[in-house]
1. All but one of (1) under 30 Å from residue 135 (Cβ atoms); (2) part of a loop (DSSP other than H, G, I, E, B); (3) basic (Lys, Arg) hold for residue 87; which doesn't?
2. Pairs, please: C-beta under 6 Å, at least 6 apart or cross-chain, first residue outside any helix (DSSP H, G or I) and in the stretch 63-81, second open to solvent by 60 Å² or more (accessible area, probe 1.4 Å)?
3. Out of the residues in the stretch 70-120 that are open to solvent by less than 100 Å² (accessible area, probe 1.4 Å) and among the basic types (Lys, Arg), which is nearest to residue 31 (Cα to Cα)?
4. Within the set of pairs 6+ apart or on separate chains, which have a first residue in the stretch 43-60 that is on the phi < 0 side of the Ramachandran plot, a second that is among the polar types (S, T, N, Q) and open to solvent by 70 Å² or more (accessible area, probe 1.4 Å), and C-beta atoms under 7 Å apart?
5. What number goes with the only condition from (1) more than 29 Å from residue 132 (Cα to Cα); (2) out of contact with any Gly (no Cβ under 9 Å at 6 or more places or on another chain) that residue 110 does not pass?
6. Can you find a residue in the stretch 90-107 that is among the polar types (S, T, N, Q), within 22 Å of residue 46 (Cα to Cα) and in contact (Cβ under 8 Å) with a residue 40 or more places away in the chain?
7. Tell me yes or no: at least one residue of the stretch 95-111 is of a type in the set (Asp, Glu), within 16 Å of residue 35 (Cα to Cα) and part of a helix (DSSP H, G or I).
8. Whether any residue in the stretch 125-143 is open to solvent by 30 Å² or more (accessible area, probe 1.4 Å), of a type in the set (A, V, I, L, M), outside any helix (DSSP H, G or I) and under 25 Å from residue 20 (Cα atoms) is what I want to check.
Amino acid sequence: MKETDLFRLIHSTEAVTNEMVIRWTKAFRYNIGISPVLVLWELKTTGPQKQSVLAAKLGYTAAAITNIARKLVKEGMAEKLSDEQDRRKVLLSITEKGEDVLREAQETGTRLRLNMFSVLSEEEVDRYLAINEKLLTALEPGLKE
């Protein structure tokens, strides 16, 4: 691949992603951003967890996960629980409000993506899916970076 094509590809991919984040942020009525939504998703799908475990799974620093957790707890979207086996261990857990917010975040994202992808033909969608699946396969653990 030519270097100019690579830079165009990188730029266009980042531009689409950035525009979708901006549109999602404007359309979403809660002021929490994407990172807290990813934390809510992780809590919903895998249950209560230590903040250090969440940080490692999602690639956040300890300071970032602390700030995210603080905001989610303050907004009533998550709560801190003591581990029944070890009271010294504190787990972050999603609340019912957090589940409602997560559901709304997903609905907002789906609506925006449906609108964005509606400009593609069926053939373009098929090609786009094939390209993304190939890229995801290339990113699987065990492949050299």
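1. It is condition (1) that residue 87 fails.
2. Correct list of pairs: 76/97; 77/97; 80/90; 81/48.
3. Among those residues, the one meeting the criterion is 71.
4. Every condition considered, the pairs that remain are 55/61.
5. (1)
6. Yes, that holds for at least one residue.
7. yes
8. Yes, the stretch 125-143 has at least one match.
The values are calculated or read from the model by the stated rules, or taken from the named source; none is laboratory data. Since the structure is predicted, the reported quantities are computational estimates derived from the model, not experimental observations. No Cβ is skipped: glycine too gets one built from the backbone with ideal geometry, and neighbour counts run over all protein chains shown. What goes into the accessible areas is simple: the full protein's heavy atoms, side chains included, and nothing from ligands, DNA or RNA. Shrake-Rupley method; radii C 1.70, N 1.55, O 1.52, S 1.80 Å.
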